[in-house]
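To keep things clear, I will list the structure first and then write my remarks on it.
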Amino acid sequence: MRLRIWENLRQCGDSNTFVGVMADLDIVHPGTLSDHVRALEDAGVVEVKKCFVRRRPQTTIAITANGRAEFERLASGLNKMAGTTS
């Protein structure tokens with residue numbers, strides 16, 4: 001699940017992604033998504049920002065530069081193991 005979240009964020013580029021959108025994309029309960037995002041944040045691969053918009057809480061997630069580099073390293077290693085290149 002974390003790799004799927006990470007990949008979705010990587011595909012979004014430098015833009016922030018709303019937690020609600022991530023929950024819709026992954027068809028995962030927001031509480032479960034929150035746990036996985038927290039683990040990715042603790043690892044330093046995503047950044048979470050919380051604010052209020054018109055008195056409603058809004059949480060956005062973005063991949064960090066370190067997260068992008070780590071994802072590429074991981075993908076390269078998996079491709080080598082599988083005998084493919086990207």
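The values are calculated or read from the model by the stated rules, or taken from the named source; none is laboratory data. Just so it is clear, the model here is predicted, and its values are computed rather than measured. Note that each Cβ is placed from the backbone with ideal geometry, even for glycine, and that neighbours are counted across all protein chains shown.
Can you report the number of residues in the stretch 49-86 which are over 19 Å from A39 (Cα atoms) and of a type in the set (F, W, Y)?
1
May I ask you to list the residues in the stretch 55-86 that are modelled with pLDDT of 90 or more and on the phi > 0 side of the Ramachandran plot?
Listed by number, the list holds a single entry, R55.
Of everything in the stretch 1-38, what is more than 18 Å from Q58 (Cα to Cα), out of contact with any His (no Cβ under 7 Å at 6 or more places or on another chain), surrounded by 14 or more Cβ atoms within 10 Å (Cβ to Cβ) and at pLDDT 75 or above? Give them in sequence order.
N8, R10
Condition first: of a type in the set (S, T, N, Q) and either closer than 15 Å to R10 by Cβ or part of a strand (DSSP E or B) (or both). Now tell me which residues in the stretch 31-78 satisfy that. Break it down stepwise before answering.
So in the stretch 31-78, the residues of a type in the set (S, T, N, Q) come out as 32, 34, 58-60, 64, 66, 76.
Of everything in the stretch 31-78, those that are of a type in the set (S, T, N, Q) and either closer than 15 Å to R10 by Cβ or part of a strand (DSSP E or B) (or both) turn out to be Q58, T59, T60, T64, N66, S76.
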